[in-house]
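K.L.:
For reference, the structure I am asking about is given below.
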Amino acid sequence: MEAPHSPAPATTLRLTVNSPEQMGELGRRLAKILRPGDLVMLTGELGAGKTTLTRGLGEGLGVRGAVTSPTFVIARVHPSLGDGPPLVHVDAYRLGGGLDEMEDLDLDVSLPDSVIVVEWGDGKVEELSEDRLHVLIHRAVGDTSDEVREVTLRGIGARWAGADLTVLSA
Ligand SMILES: Nc1ncnc2c1ncn2[C@@H]1O[C@H](COP(=O)(O)OP(=O)(O)OP(=O)(O)O)[C@@H](O)[C@H]1O
Ligand SMILES: [Mg+2]
């Protein structure tokens, strides 16, 4: 069978990430394809690398402030140092009540104008946007270095239907 001239854009992408540095690089690449209003949901066990990915994303977006694991806050706003969108970094692990609680946070930022990244958001913040990018991070089975991660990205909704995620694996 003949290969199609242009392959269909991938709305799902699986990647192997070999180090924290590579995870940061993935975040920086992701920053290039994200737009204001985009919601990114990060799933993965403790220490999987969700915050490490978000740190790279913050670097790529050129936002102010170090992206860290918010210990005493549920969400942190990182304004852009240029004219890009702010990054809103949410740790939903401690967000018991879901979206209502999120709205009560009074973030003083317009969510439709921001890039929103939520750790542990499954079942809590889907209503923020019909369109979202799910990122699942798993430790690779049998990896003795404990540095290898399998990352699955899956775009949901019209926003991602035509997006080509393969640029992330370049
Ligand atoms: N390939 C990798 N990608 C990301 N982090 C890695 C990788 N290999 C090792 N690490 C290490 O694993 C840890 C990941 O921590 P990080 O805070 O990013 O995880 P997390 O998923 O946000 O955890 P939590 O659920 O506690 O928020 C860091 O210490 C990082 O250096
Ligand atoms: Mg984290």
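The values are calculated or read from the model by the stated rules, or taken from the named source; none is laboratory data. Please read these numbers as outputs of a predicted model, since none were measured by experiment. Backbone-built Cβ (ideal geometry, glycine too); neighbour counts: all protein chains shown.
K.L.:
So which residues in region 54-78 are within 10 Å of ligand 1 (Cβ to nearest atom), in contact (Cβ under 8 Å) with a residue 24 or more places away in the chain and either more than 24 Å from Asp146 (Cβ to Cβ) or of a type in the set (S, T, N, Q) (or both)?
P.N.:
Thr54, the sole residue that qualifies.
K.L.:
Looking only at region 129-170, count how many residues are hydrophobic (A, V, I, L, M, F, W, C) and more than 14 Å from the chain's Cα centre (by Cα).
P.N.:
Restricting attention to region 129-170, the residues satisfying the condition of being hydrophobic (A, V, I, L, M, F, W, C) are 133, 135-137, 140-141, 148, 151, 153, 156, 158, 160-161, 163, 165, 167-168, 170.
Narrowing further to those that are more than 14 Å from the chain's Cα centre (by Cα): 140-141, 148, 158, 161, 163, 167, 170.
Final tally of qualifying residues: 8.
K.L.:
State whether the residues of region 105-118 include one that is crowded, with 17+ Cβ neighbours inside 10 Å and not aliphatic (A, V, I, L, M).
P.N.:
Checked against the condition, which is being crowded, with 17+ Cβ neighbours inside 10 Å and not aliphatic (A, V, I, L, M), region 105-118 yields at least one hit.
K.L.:
Moving to a separate point now. Take the residues of region 53-82 that are basic (Lys, Arg) and farther than 20 Å from Pro20 by Cα: which is modelled with the highest pLDDT?
P.N.:
So, considering only residues that are basic (Lys, Arg) and farther than 20 Å from Pro20 by Cα, the one modelled with the highest pLDDT is Arg64.
K.L.:
Between a first residue in region 102-115 that is farther than 16 Å from Asp83 by Cβ and a second residue that is of a type in the set (Val, Ile, Thr), which pairs have beta carbons less than 6 Å apart while being 6 or more apart in sequence or on different chains?
P.N.:
Correct list of pairs: Leu107/Val77.
K.L.:
Which strands (runs of 3 or more DSSP E) sit wholly inside region 15-131 and have at least 2 residues that are touching a Lys or Arg at 6+ places or on another chain (Cβ under 7 Å)?
P.N.:
Working: elements: 39-43, 75-78, 87-91, 115-119.
Output list reads 39-43.
K.L.:
Additional query: Only residues that are crowded, with 17+ Cβ neighbours inside 10 Å and near ligand 1 (Cβ under 6 Å from one of its atoms): list them for region 35-53, please.
P.N.:
Across region 35-53, the qualifying residues are Gly44, Ala48, Gly49, Lys50, Thr51, Thr52.
K.L.:
Then there is this: Among (1) closer than 20 Å to Pro20 by Cβ; (2) touching a residue at least 24 places away in the same chain (Cβ under 8 Å); (3) within 15 Å of ligand 2 (Cβ to nearest atom), there is one condition Ser169 misses while meeting the rest; what is its number?
P.N.:
Looking at each condition in turn, Ser169 falls short on (3).
K.L.:
Return the pair list, or none, for Cβ contacts closer than 6 Å from residues in region 13-29 that are touching a residue at least 40 places away in the same chain (Cβ under 8 Å) and over 17 Å from Leu136 (Cβ atoms) to residues that are hydroxyl-bearing (Ser, Thr, Tyr) and within 15 Å of ligand 2 (Cβ to nearest atom), at least 6 apart or on different chains.
P.N.:
Pro20/Thr52
K.L.:
Return yes when Leu34 is out of contact with any Gly (no Cβ under 7 Å at 6 or more places or on another chain), free of Cβ contacts under 8 Å to residues at least 24 places away in the same chain and hydrophobic (A, V, I, L, M, F, W, C) and no when it is not.
P.N.:
no
K.L.:
Also, I was wondering about something else. Residue by residue through region 83-106, note down the ones that are away from ligand 2 (no atom under 13 Å from the Cβ), at pLDDT 80 or above and out of contact with any helix residue (DSSP H, G or I) (no Cβ under 9 Å at 6 or more places or on another chain).
P.N.:
Asp83
K.L.:
Taking the condition on the phi > 0 side of the Ramachandran plot and within 15 Å of the chain's Cα centre (by Cα), does Gly65 pass?
P.N.:
no
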